[in-house]
1. Search the range 140-157 for residues being out of contact with any strand residue (DSSP E or B) (no Cβ under 7 Å at 6 or more places or on another chain) and at pLDDT below 90, and hand back the single one that is nearest to residue 99 (Cα to Cα).
2. Residue by residue through the range 26-50, note down the ones that are surrounded by fewer than 15 Cβ atoms within 10 Å (Cβ to Cβ) and aromatic (Phe, Trp, Tyr).
3. Within the range 80-130, count every residue that is free of Cβ contacts under 8 Å to residues at least 60 places away in the same chain and part of a strand (DSSP E or B).
4. Considering only the range 147-159, state which residues are in contact (Cβ under 8 Å) with a residue 60 or more places away in the chain and surrounded by fewer than 16 Cβ atoms within 10 Å (Cβ to Cβ).
5. Mind checking which pairs have a first residue in the range 52-73 that is over 21 Å from residue 102 (Cβ atoms) and a second that is of a type in the set (Ser, Thr, Tyr) and part of a strand (DSSP E or B), Cβ under 6 Å, 6 or more apart or different chains?
6. How many residues does the range 72-96 contain that are within 15 Å of residue 45 (Cβ to Cβ) and either among the charged types (D, E, K, R) or at pLDDT below 95 (or both)?
Amino acid sequence: MKYCSECGSSRLERRLQGHDTHYRMFCGECDKVFYHNPKMIAGCIVEHEGKFLMCQRAINPRPGSWTLPAGFMECGETVEEAAVREVWEETGARVEIVAPYSLFSVPQIDEVYIMFRARLLEFTDQPGPETAEARLLAPEEIPWENIFYPAIKDILQRYIAEYNKSSFGMYLGCSQEGTVHFAH
């Protein structure tokens, strides 16, 4: 960042102000604060007849690895709208959200994942350009060793265990702490 988006000044400085807990970028001219906030990622665990909708990545990082359909929220949309849109863009599937399932922080890369349970309405099998392949996979067909994101692997394993018991919770966790809190 070279110039203030409010007044155009180049007098930008990092400082701690008042009772704030983080250093922030300020404009030295108009005192505008520029916040650096985490990215929000929304997605769904889509179950259909005992199978789970998964995507094989076609883009970096780690093309060829598998994941649940999820991606970055856009401004002007709700987290639910973002999750449904990401499933459509990555898999060609139309879904309906059933309930929130997991909220997971990954502070070392400034990301927060919000995953929902979802019901499959339609599956066109025409994934978007970020996806090499989208498939409904039974638990024994899931390429567990080729799931790139540890948080996604953990969430999916927990979900399948709960699916087999027909009892679901809501989870909150953090990758740094390795702690997962259950809220029913």
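The values are calculated or read from the model by the stated rules, or taken from the named source; none is laboratory data. Remember, it's a predicted structure, so these values are computed and weren't measured experimentally. Every residue, glycine as well, gets a Cβ built from its backbone with ideal geometry; the counts of neighbours run over all protein chains shown.
1. Filtering the range 140-157 for residues out of contact with any strand residue (DSSP E or B) (no Cβ under 7 Å at 6 or more places or on another chain) gives 140-141, 144-145, 150, 154, 157.
Narrowing further to those that are at pLDDT below 90: 150, 154.
Values: 150: 22, 154: 18 Å.
The residue in question is 154.
2. Hits for the range 26-50 are 34, 35.
3. Just the residues of the range 80-130 that are free of Cβ contacts under 8 Å to residues at least 60 places away in the same chain, to begin with: 80-98, 109, 121-122, 124-126, 128.
Now restrict to residues that are part of a strand (DSSP E or B): 93-98, 121-122.
Adding up the residues that qualify gives 8.
4. Result: 148, single match.
5. Note: pairs meeting the criteria are 58/131.
6. 4
Residue by residue, here is whether (1) under 20 Å from residue 39 (Cβ atoms); (2) crowded, with 16+ Cβ neighbours inside 10 Å holds:
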residue: 61; (1), (2): yes, no
residue: 73; (1), (2): yes, yes
residue: 82; (1), (2): yes, yes
residue: 98; (1), (2): no, no
residue: 107; (1), (2): yes, no
residue: 115; (1), (2): yes, yes
residue: 145; (1), (2): no, no
